[in-house]
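Q: Just passing along the structure, written as structure tokens.
Each value in this text was obtained by applying a stated rule to the coordinates, not by laboratory testing. On a predicted model such as this, the values are computed, not experimentally measured, just so you know. With ideal geometry, Cβ positions are generated from the backbone for all residues, glycine too; neighbour counts draw on all protein chains shown.
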Amino acid sequence: MKLLPSKIPQISIVSLFLVLAACSDSNNNNGDRSEATGLTDAARQAELAVGVAFDVNVNVSIERKTLASREFTSVTPENSMKWGSLAPTSDSFDFRNADQLVDFAIANGQRLRGHTLFWHRLNGLPPWLAEELNKASDPAARLQELMVNHTATVVGHYAGQLAQWDVINEPLALVGGGFDPDNTFHQLLGEEYLDFALLQAHAADPSAELFINETFIEFQPEKFDALIALAQRLLDRGAPLHGLGIQGHFFFRAPDKAILLDQLQRIAALGIKVEITELDIPLALFSGTPDPLAAQALAYADVFNACLAVSLCSGITLWGTDDAHTWLDGFSFTAATVPNRPLLFDEELQAKPAYDSVVNALIAIDR
Ligand code: G3I
């Protein structure tokens, strides 16, 4: 049987929009700027990792590096640790870009989240994988062999240096409660590919906390229930699953604090950690309000306050340093609202009201 390369799912944008789009309740301004305390101090005081997705190998200015080191206590490689970035061929690895980032974070005393071992969408898979599976007499066995090699080599390479790994990214369909039909791993290995990946990663670095990271669950109760049920099955089978990531790309709808709090509590009730792993909140969501920047600031406070209310919520990562560097400006769904301005710092690397709002949320809490 010939296997087709896993493709970007052709689920209709319209159906995704229909499921997710709904009115967003918003928002008031919530307070004065704290001049005295920066984000890293506030994060440490609140015992919450506040991270940034970043890569140091792609035309990064000194100013942006300084911002990333000064303002965040955790770093996630935006792209440099994806399988396709690390493995130019099926039997070679190139760690140079990812190593640069790890060295940067360690030099700055920052925590590292590994992202991501196994992701079937976009360029999460290496370009050579489909051909490699097509020519194998037993594609499932070949995939397992490649997964073992990838995990042992990559997780082993960074053993003891990364606090967490997104071992599996986005296993479920974008919409609904099932597995993604275009998920190569699930197609060939069934649900047990998750157990397999987690066990391999745990063997390669027993000290790393292992996560499943999922997207578009914030406003899809059916999908969220499916994720909880999946995590429970994995835990029941003894898989080394230590946390779930809620990505937090809020481009359809502003965060709803009550929903988010409920989701964080339900994950914590499994006895594992939870993090908001890829947060961004575009300004266009608030274009109907008198002061969109203030409304965005309140939305950020809602997310931070929800996480701060749950002791097992251990971190929040912003998906980019600043508004000039956001994946949303290159994304078809959000093309109409470029510049999306979804982050804590503007294009000039100046702190926005959202920055102050987050700092205030962090310093107000006694965890
Ligand atoms: O590195 C090449 C470069 O050599 C080339 O010149 C350029 C031309 O467009 O493309 C560069 O690669 C791009 C890469 O970002 C680095 O900029 C890829 O085409 C592009 O697909 C890639 O997009 C990334 C996307 O994941 C796919 O991997 C985004 O930056 C990144 O923000 C995004 O992050 C994902 C998370 O990993 C998982 N959750 C969803 C999130 C948003 O899609």
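Q: Within the chain, what is the number of lysine pairs with alpha carbons under 24 Å apart, leaving out pairs fewer than eight places apart on the same chain?
A: 12
Q: Moving to a separate point now. Between Rg and the Kirkwood Rh of the chain, both from Cα atoms, what is the Rg to Rh ratio?
A: Here the Rg-to-Rh quotient is 0.95.
Q: Also, I was wondering about something else. Once the dipole of segment 247-367 is set up with Lys and Arg at +1 and Asp and Glu at -1 on Cβ about the Cα centre, which of 259, 360, 289 lies farthest towards its positive end?
A: Positive-end residue among those listed: 259.
Q: To continue, here is another question. Set Lys and Arg Cβ to +1 and Asp and Glu Cβ to -1, take the dipole of segment 154-218 about its Cα centre, and tell me which of 207, 189, 174 lies farthest positive.
A: Of the listed residues, the answer is 207.
Q: What does the charge add up to near residue 172, with Lys and Arg as +1, Asp and Glu as -1, over the other residues with Cβ less than 9 Å from its Cβ?
A: For residues surrounding residue 172, the net value is -2.
Q: Using a 10 angstrom cutoff on alpha carbons, build the Gaussian network for the chain and name the most mobile of 304, 333, 196.
A: It is 333.
Q: Distance in nm between label sites at residue 235 and residue 333, each 7 Å beyond Cα in the beta-carbon direction?
A: Reported label-point gap for residue 235 and residue 333 is 2.8 nm.
Q: Need one number: the % of Cα-Cα pairs in segment 115-219 sitting beyond the 18 Å mark.
A: Percent of Cα pairs beyond 18 Å in segment 115-219: 48.
Q: Measure nothing fancy, just the Cα-based angle from helix 221-236's long axis to the longest principal axis of the chain, in degrees from 0 to 90, nearest 10.
A: 60 degrees
Q: Here's a follow-up. Between Rg and the Kirkwood Rh of segment 293-367, both from Cα atoms, what is the Rg to Rh ratio?
A: Reported Rg/Rh (Cα atoms, Kirkwood Rh): 1.02.
Q: Restricting to Cα pairs below 8 Å that are 6+ residues apart, what does the relative contact order work out to for the chain? Please round to a whole percent.
A: Taking the mean separation of contacting Cα pairs over the length of the chain, I get 21 percent.
Q: Same structure again: Can you tell me the 0 to 90 degree angle between the C-alpha axis of helix 96-107 and the longest principal axis of the chain, rounded to 10?
A: Between the helix axis and the principal axis of the chain, the angle is about 40 degrees.
Q: Per-residue counts of other Cβ atoms within 10 Å, averaged by peptide: what ranking do you get for 172-181, 72-81, highest first?
A: Top of the packing list down: 72-81, 172-181.
Q: Let me ask you something else. Hey, could you grab the Kirkwood Rh for segment 218-367? Inverse mean 1/r over distinct alpha carbon pairs, Å, one decimal.
A: 16.1 Å
Q: Another question, then. Which value, in debye to the nearest 20, gives the size of the charge dipole of the chain about its Cα centre, when Lys and Arg are +1 and Asp and Glu are -1 at the Cβ?
A: 320 debye
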